[in-house]
Amino acid sequence: MISLPHFPEHLQKLGPHTGKPLDRVDGLAKVTGKALYAAEHHRPGLLYGVVVSSSVARARIRSFDTADALAEAGVVQVFTHQNRPKLASRSKKWRDQDTPKGSPFRPLEDDRVLFSGQPLALVVATSFEAARHAAALVRIEFDEIEQPETRLLERLGQGKAPGRAKGGFTPPPGPHGHPQQALKSAFARVNADYLVSAEHHNPMEPHAATVFYEEDGSLTVYSKTQGPVGEQAFLSAVLGLKKDRVRVLAPFVGGAFGSGLRPQYHLVLAAMAALELKRSVRVVLSRQQMFTFGHRPYTWQHVALGAERDGKLVSLVHEAVAETSKFESYVENVVTWSARLYPCPNYSLNHRVVPLDVYTPLDMRAPGAVTGLFAIESAMDELAHELGMDPLQLRLVNYGEKDGLTGHPYSSKELRACYQQAAGRFGWEQRWSEPRGRREGSKLVGWGMATGVWDAMQVPASARARLHLDGRLEVASATTDIGTGTYTVMTQIAADVMGLSLESVEFKLGDTSLPEAPLQGGSFTVASVGSAIKAACDGLRDQLFKLAQKMPNSPFYARSQAEVEFRDGRLGLPGHPEAALSYAQILRQQGVSVLEEEVKVLPNLLKQRGYSLATHSAVFAEVQVDEELGTIEVTRMVTAVAAGRILNPKTSRNQLLGGMVWGISSALHEKSELDLELGRFINHNLAEYHIPVQADIRHLEVVFVEEQDEIVNPLGIKGLGEIGVIGVAAAIANAVFHATGRRVRHLPIRLDDLL
Ligand code: MOS
């Protein structure tokens with residue numbers, strides 16, 4: 001069961017639409033099948049490409065035998081590295097907006113096999129069935145099949161500091177104070193290793209690209225992506241086309257969570273085939289092929305904590321060693337959260353990566369934080385147990401009024417209220433201290449809690465607003481809606497700023513012909529694109545007001561803009577209803593057919609300087625563990641979130657619930673099993689790769705905590721896409737310990753861990 005959300009009454013409003021739990025404006029299109037996804041766009045003569053994936057992880061290709069495949073009816077071509085057209089090679093051109101340091105993988109580059117599942121050929125045919133059948137007939141001979149290097153735990157000592165690898169990664173600072181000494185003399189200590197499994201992206205919509213070859217030789221690409229603008233730049237560079245010869249569209253995206261941040265190989269292959277064959281081509285990855293790229297990296301962590309008798313931390317050590325590929329150095333912020341969250345006079349943080357013969361890991365919802373918070377929040381629970389202290393009390397004793405790493409104050413931080421409100425809804429004051437202290441029938445009951453933290457980011461974004469003679473407002477930005485509710489909240493912002501009904505506003509996104517926007521990621525879309533939309537609409541208001549002042553006998557002639565209101569599609573003066581003029585009237589009288597404003601908005605770095613910007617959450621979970629069967633059920637969970645202004649409690653709650661479900665999934669179900677001999681993820685299907693079903697999800701509750709922030713951005717928005725998953729696995733692991741007395745320090749926790 002999923003409970004109704006707890007709607008706070010204080011939700012701040014820009015106007016009548018923001019702060020309301022409105023339905024998705026694209027909901028009807030989605031449930032009636034009118035919303036078309038990347039693989040659903042069609043044109044007569046479309047060809048279908050199917051990828052042939054490598055069965056080995058490390059080898060050289062000796063030969064291809066494509067004769068049988070080519071002889072199949074309907075097969076048009078089989079592309080391999082031997083006959084592929086020229087692509088930009090061995091150059092910076094393969095870099096995309098989310099590229100780690102290194103040399104990005106290039107499909108069909110040469111005879112080297114770098115990872116299991118690598119695309120080695122593309123079969124193109126007049127039907128999907130023919131292509132799929134022919135793909136099974138392609139025979140590949142390998143030379144020099146080598147043992148892949150796959151054992152992270154045996155190579156922990158070989159980990160290398162990645163340096164400043166990519167935007168968003170903060171290399172941990174050197175040690176502060178004397179962490180080892182302080183640990184030795186501490187009253188209580190925790191010293192433990194934690195492991196987080198690899199997980200693979202499995203959005204509902206598998207990765208797909210439909211590339212239409214236009215008469216003039218340009219490409220129109222329907223893509224499953226979080227960032228059409230980045231994909232356009234990437235594709236044009238790789239294919240050697242001018243940017244205006246490639247248009248990328250992603251009007252609907254069936255889940256992404258990071259899987260669509262980087263352009264993947266199917267896109268390159270589809271576009272390459274379309275250009276070469278001068279035909280339209282679609283490539284869709286199979287569910288099994290979804291396990292051939294981009295996973296949350298398998299990560300080992302060590303945490304040591306030392307505390308005084310009262311719980312105050314005197315030493316904090318957090319190290320991580322994560323896998324990466326041999327060709328790219330993927331890295332995420334895993335360890336820095338600990339010191340940010342818990343200011344400590346002596347700390348040491350370290351993050352290293354070990355290259356293995358696997359594909360490069362990829363950002364997955366709250367990359368780094370999911371991993372790091374599992375370790376630190378488990379360790380805090382262990383420390384509380386050592387101290388005989390309530391785990392929540394331990395967090396409060398170490399509460400960071402300032403960012404423990406930078407010493408900066410937070411622009412806002414209502415984490416304490418998150419703890420209090422979530423604990424209150426959960427009933428935490430009833431908690432019993434001893435593990436194995438409560439039973440219900442054959443089941444042991446346990447309660448656990450954890451903290452979540454994520455950056456509140458804003459990046460440059462553009463938007464355009466156009467007001468038409470009939471009173472319609474068209475707003476546009478080349479962002480995407482990956483299921484987050486972007487269509488809806490942007491419409492709400494525009495409607496409120498312009499004083500219009502939702503019905504008279506249309507928001508367009510997911511098209512490179514629209515004003516440039518960043519990829520949707522990092523939970524920064526509403527702060528970034530929303531700010532641009534607000535600014536564009538503010539510009540329209542200025543224009544409208546000036547036009548109205550110029551009208552003959554204008555009631556606004558001697559007024560300032562602060563005196564007028566924009567409401568119900570009219571410009572008015574409070575207290576003078578007779579003076580009101582509809583926007584349409586103003587445009588018509590002044591002979592303007594459309595009023596337009598396009599802006600690019602940057603984060604206000606001057607205002608933000610000297611502050612730490614973050615969202616926070618508190619997660620409380622109850623589990624029941626069957627002692628005889630070892631089965632674990634998360635019977636209820638409460639998450640309280642402080643994320644600045646909440647534009648739409650319904651879509652926001654949906655983001656939080658999605659995160660909580662994923663957190664349960666990471667805690668108890670998901671694991672990509674790497675066969676260490678073969679270097680191959682062997683449970684590459686949704687039968688063997690476990691995800692929760694409806695019966696695994698019980699009572700989930702979301703609480704939004706009021707948080708006003710005038711520094712992050714003019715809308716006071718911090719973003720919600722990722723915070724919901726962070727800390728959940730730790731809360732569950734802590735609850736499992738409380739229920740059973742058994743501390744499990746790896747994810748997922750499975751029944752055999754408890755038997
Ligand atoms: Mo997110 S992992 O930035 O889509």
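The values are calculated or read from the model by the stated rules, or taken from the named source; none is laboratory data. A quick note: this is a predicted structure, and the numbers were derived from the prediction, not measured. A quick note on method: Cβ atoms are made from the backbone with ideal geometry, for glycine too, and the neighbour counts reach across all protein chains shown. Side chains included, ligands, DNA and RNA excluded: accessible areas come from the protein's heavy atoms. Shrake-Rupley method; radii C 1.70, N 1.55, O 1.52, S 1.80 Å.
Any chance you could count how many residues in the range 522-541 are over 17 Å from L647 (Cα atoms), among the small types (G, A, S) and either away from the ligand (no atom under 12 Å from the Cβ) or open to solvent by less than 10 Å² (accessible area, probe 1.4 Å) (or both)? Residues meeting the conditions: 2. Check whether at least one residue in the range 272-288 is under 23 Å from the mean Cα position of the chain (by Cα), within 15 Å of H200 (Cβ to Cβ) and within 16 Å of the ligand (Cβ to nearest atom), and report yes or no. Looking for residues that are under 23 Å from the mean Cα position of the chain (by Cα), within 15 Å of H200 (Cβ to Cβ) and within 16 Å of the ligand (Cβ to nearest atom), one finds none in the range 272-288, hence no.
Determine whether F142 is in contact with a Pro (Cβ under 9 Å, 6 or more places away or on another chain), crowded, with 16+ Cβ neighbours inside 10 Å and hydrophobic (A, V, I, L, M, F, W, C). The answer is no for F142. Among the residues here, F374 qualifies as within 21 Å of the chain's Cα centre (by Cα) and on the phi < 0 side of the Ramachandran plot.
Please determine whether any residue of the range 348-365 is in a strand (DSSP E or B), more than 16 Å from the ligand (Cβ to nearest atom), in contact with a Ser or Thr (Cβ under 8 Å, 6 or more places away or on another chain) and of a type in the set (F, W, Y). No, the range 348-365 contains no residue that is in a strand (DSSP E or B), more than 16 Å from the ligand (Cβ to nearest atom), in contact with a Ser or Thr (Cβ under 8 Å, 6 or more places away or on another chain) and of a type in the set (F, W, Y).
Checking R262, R309, R282 one by one, the residue that is assigned to a strand (DSSP E or B) and either out of contact with any Asp or Glu (no Cβ under 6 Å at 6 or more places or on another chain) or crowded, with 24+ Cβ neighbours inside 10 Å (or both) is R282 and no other. Does V370 meet the test of being in contact (Cβ under 8 Å) with a residue 24 or more places away in the chain, in contact with a helix residue (DSSP H, G or I) (Cβ under 8 Å, 6 or more places away or on another chain), within 16 Å of the ligand (Cβ to nearest atom) and β-branched (V, I, T)? Considered against the rule, which asks whether it is in contact (Cβ under 8 Å) with a residue 24 or more places away in the chain, in contact with a helix residue (DSSP H, G or I) (Cβ under 8 Å, 6 or more places away or on another chain), within 16 Å of the ligand (Cβ to nearest atom) and β-branched (V, I, T), V370 comes out as yes.
Condition check ((1) closer than 30 Å to R609 by Cβ; (2) not aliphatic (A, V, I, L, M)) across all residues:
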site	(1), (2)
V703	no, no
P714	yes, yes
V728	no, no
A733	no, no
H738	no, yes
V744	no, no
L751	no, no
L754	no, no
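Close Cβ contacts (under 8 Å, 6 or more residues apart or on different chains) running from residues in the range 67-89 that are of a type in the set (D, E) to residues that are part of a strand (DSSP E or B) comprise D68/R139; E72/A125. Applying the criterion of being assigned to a loop (DSSP other than H, G, I, E, B) and within 40 Å of the chain's Cα centre (by Cα) to the residues of the range 64-82, the residue that is surrounded by the most Cβ atoms within 10 Å (Cβ to Cβ) is T66. Taken as a whole, the condition of being buried (at least 24 other Cβ atoms within 10 Å of the Cβ) and assigned to a loop (DSSP other than H, G, I, E, B) applies to V334.
Any chance you could count how many residues in the range 374-412 are open to solvent by 10 Å² or more (accessible area, probe 1.4 Å) and within 21 Å of P173 (Cβ to Cβ)? Of the residues in that region, 9 qualify.
Checked across the range 84-98, the condition of being open to solvent by 60 Å² or more (accessible area, probe 1.4 Å) and in a strand (DSSP E or B) holds for no residue. One residue stands out among those in the range 178-218 that are of a type in the set (S, T, Y) and in contact with a Lys or Arg (Cβ under 8 Å, 6 or more places away or on another chain): the one that is nearest to T360 (Cα to Cα), which is S197. Every test in (1) surrounded by fewer than 21 Cβ atoms within 10 Å (Cβ to Cβ); (2) not in a loop (DSSP other than H, G, I, E, B) is passed by S433 save one, and that test is (2). The criterion of being surrounded by fewer than 24 Cβ atoms within 10 Å (Cβ to Cβ), under 30 Å from F105 (Cβ atoms) and in contact with a Leu (Cβ under 9 Å, 6 or more places away or on another chain) holds for V354. The selection criterion, being hydrophobic (A, V, I, L, M, F, W, C), more than 31 Å from the chain's Cα centre (by Cα), in a helix (DSSP H, G or I) and more than 16 Å from the ligand (Cβ to nearest atom), holds for L547.
Only one of Q492, Q421 is away from the ligand (no atom under 16 Å from the Cβ), in a helix (DSSP H, G or I) and in contact with a His (Cβ under 6 Å, 6 or more places away or on another chain); which? So the residue among Q492, Q421 that is away from the ligand (no atom under 16 Å from the Cβ), in a helix (DSSP H, G or I) and in contact with a His (Cβ under 6 Å, 6 or more places away or on another chain) is Q492.
The number of residues in the range 224-247 that are assigned to a loop (DSSP other than H, G, I, E, B) and not β-branched (V, I, T) comes to 6. Taking the criterion of being open to solvent by 20 Å² or more (accessible area, probe 1.4 Å) and not in a loop (DSSP other than H, G, I, E, B), the residues of the range 290-304 that qualify are W300, H302. Residue-level check: of (1) surrounded by fewer than 23 Cβ atoms within 10 Å (Cβ to Cβ); (2) assigned to a strand (DSSP E or B); (3) under 26 Å from the mean Cα position of the chain (by Cα), N191 misses just (3). Consider the range 235-263 and keep the residues that are closer than 17 Å to S91 by Cα and touching a strand residue (DSSP E or B) at 6+ places or on another chain (Cβ under 9 Å). The one that is farthest from the ligand (Cβ to nearest atom) is L241.
T486 satisfies every condition listed in (1) out of contact with any Leu (no Cβ under 8 Å at 6 or more places or on another chain); (2) among the hydroxyl-bearing types (S, T, Y); (3) within 16 Å of the ligand (Cβ to nearest atom) except (1). The residue that is nearest to H266 (Cα to Cα), counting only those in the range 105-117 that are open to solvent by less than 10 Å² (accessible area, probe 1.4 Å) and in a loop (DSSP other than H, G, I, E, B), is P107. More than 16 Å from the ligand (Cβ to nearest atom), of a type in the set (G, A, S) and modelled with pLDDT under 95: is that true of G644 in this structure? It is false that G644 is more than 16 Å from the ligand (Cβ to nearest atom), of a type in the set (G, A, S) and modelled with pLDDT under 95.
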